[in-house]
Amino acid sequence: MKPEYIPYVEELIELAIKEDIGDGDHTSLASIPADAYGKMKLLVKQDGIIAGIEVAQMVLRRLDPNVIFEQLIEDGTRVKRGDIAFYVSGRIITLLQAERIVLNIMQRMSGVATQTSYYVEKLEGLHTQVIDTRKTTPGMRVLEKMAVKLGGGGNHRMGLFDMILLKDNHIDFAGGITRAVNGVKEYLAANGKSLPIEVEVRTLEDIDEALAVGGVDRIMLDNFDLEMTRAAVAKIAGRVETESSGGITFETLRDYAECGVDFISVGALTHQIKSLDMSLKAVEE
């Protein structure tokens, strides 16, 4: 996990504990002796790409730093039904408190990673990389973007703070591509910031303007059909990076990649996924 991600993950874990445990897991507290110790295993119940083991360990150690965590599989590994990802030993009350939080995180992250792997496999042999978007679950973006990487995809930007992306509304409100880009250059210079600049274009003529103004690192081809995409890539001819976005399905993904674009951004990597089935089960000792 990247160091810059850790504060986001820690904050998310605190919220998850607060919303699920509140002032106490009264079921466990009422039925399990406080000093009882036990062991559980993370059982995979569906084939896919596993993700979130590292975060699961953080959850467990947040609830009890003394738990013993035995990891058997690495994040990003292709797993099959019946695999065991890890064992964890500790106070039974701690294990029961962590159960749903760990599963919620790991099932969703693994679902994202698995979904991403299908898209990555679809582009095998091509240089085009599939990347995510900001269409993420509020508060869980860092986990979902981590999962995209574990599934073999790439990250676009984390948020509004780490990249300039001039979309159609920015351009329309600013008075055109040239004004928008020049405004960005002035802003970055005045504030001592160095951020990559991407411009969304809607026509082939927009590409000419984006290239002419200069300083643009990537051009996003918004809702271009295949013919327009091929023409756009030929026009740009390696001068800046290219990204296709909008209206691209799993079925048409490879067709767009074969046009020669560098990136294809797909919101479905994070907002149209099915969680991977798994469970935490008690281990008899």
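The values are calculated or read from the model by the stated rules, or taken from the named source; none is laboratory data. These figures come from a predicted structure and were not determined experimentally. Please note: Cβ atoms are built from the backbone with ideal geometry, for glycine as well, and neighbour counts cover all protein chains shown. Note: accessible area is taken over every heavy atom of the protein model, side chains too, but ligands, DNA and RNA are not part of it. Shrake-Rupley method; radii C 1.70, N 1.55, O 1.52, S 1.80 Å.
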Requested in this report: Six or more apart or on different chains, Cβ under 9 Å: which pairs go from a residue in the stretch 148-169 that's aromatic (Phe, Trp, Tyr) to one that's surrounded by fewer than 18 Cβ atoms within 10 Å (Cβ to Cβ)? Could you list them?
Outcome: PHE161/LEU195
**Report entry** Every residue from the stretch 222-239 that is surrounded by fewer than 20 Cβ atoms within 10 Å (Cβ to Cβ) and under 25 Å from the mean Cα position of the chain (by Cα)
**Finding:** ASP222, ASN223
**Report entry** Subset of the stretch 151-165 [aliphatic (A, V, I, L, M) and exposed (fewer than 15 other Cβ atoms within 10 Å of the Cβ)]
**Finding:** LEU160
Query raised in the report: Has the stretch 248-264 got at least one residue that is modelled with pLDDT of 95 or more, open to solvent by 50 Å² or more (accessible area, probe 1.4 Å), part of a strand (DSSP E or B) and not aromatic (Phe, Trp, Tyr)?
Result: no
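Scan the stretch 34-72 for residues that are over 24 Å from the mean Cα position of the chain (by Cα) and free of Cβ contacts under 8 Å to residues at least 40 places away in the same chain and jot them down.
ASP64, PRO65, ASN66, VAL67, ILE68, PHE69, GLU70, listed by residue number.
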Query raised in the report: Do we have any residue at all in the stretch 133-143 that's over 21 Å from the mean Cα position of the chain (by Cα) and closer than 27 Å to ALA234 by Cβ?
Result: no
Report summary line: Counted residues in the stretch 166-198 being surrounded by 18 or more Cβ atoms within 10 Å (Cβ to Cβ), under 22 Å from the mean Cα position of the chain (by Cα) and of a type in the set (A, V, I, L, M, F, W, C) come to 2
Query raised in the report: Does LYS80 count as open to solvent by 50 Å² or more (accessible area, probe 1.4 Å), under 28 Å from GLY153 (Cα atoms) and either modelled with pLDDT under 95 or in contact with an Asp or Glu (Cβ under 8 Å, 6 or more places away or on another chain) (or both)?
Result: yes
Query raised in the report: For the stretch 205-221, which residues satisfy the criterion of being open to solvent by 60 Å² or more (accessible area, probe 1.4 Å) and part of a loop (DSSP other than H, G, I, E, B)?
Result: ASP217
Report task. Return yes or no: is ARG108 assigned to a loop (DSSP other than H, G, I, E, B), at negative phi and within 11 Å of the chain's Cα centre (by Cα)? Result -> no
**Report entry** Matching residues, the stretch 139-171, being in a loop (DSSP other than H, G, I, E, B) and over 24 Å from GLU209 (Cβ atoms)
**Finding:** GLY139, MET140, GLY151, GLY152, GLY153, ASN155, MET158, GLY159, PHE161, ASP162
Report summary line: Across the stretch 129-141, the tally of residues that are more than 30 Å from ASP23 (Cβ to Cβ) and surrounded by fewer than 21 Cβ atoms within 10 Å (Cβ to Cβ) stands at 4
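Results for (1) among the aliphatic types (A, V, I, L, M); (2) surrounded by fewer than 18 Cβ atoms within 10 Å (Cβ to Cβ); (3) touching a Phe, Trp or Tyr at 6+ places or on another chain (Cβ under 7 Å), shown as yes or no for each residue.
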residue	(1), (2), (3)
ASP75	no, no, no
ALA85	yes, no, no
GLY90	no, no, yes
ILE105	yes, no, no
SER117	no, no, no
LEU143	yes, no, no
Requested in this report: Those residues that are touching a strand residue (DSSP E or B) at 6+ places or on another chain (Cβ under 8 Å), touching a residue at least 24 places away in the same chain (Cβ under 8 Å) and within 23 Å of VAL142 (Cα to Cα), I need them from the stretch 73-97; list them, please.
Outcome: GLY76, THR77, ARG78, VAL79, ALA85, PHE86
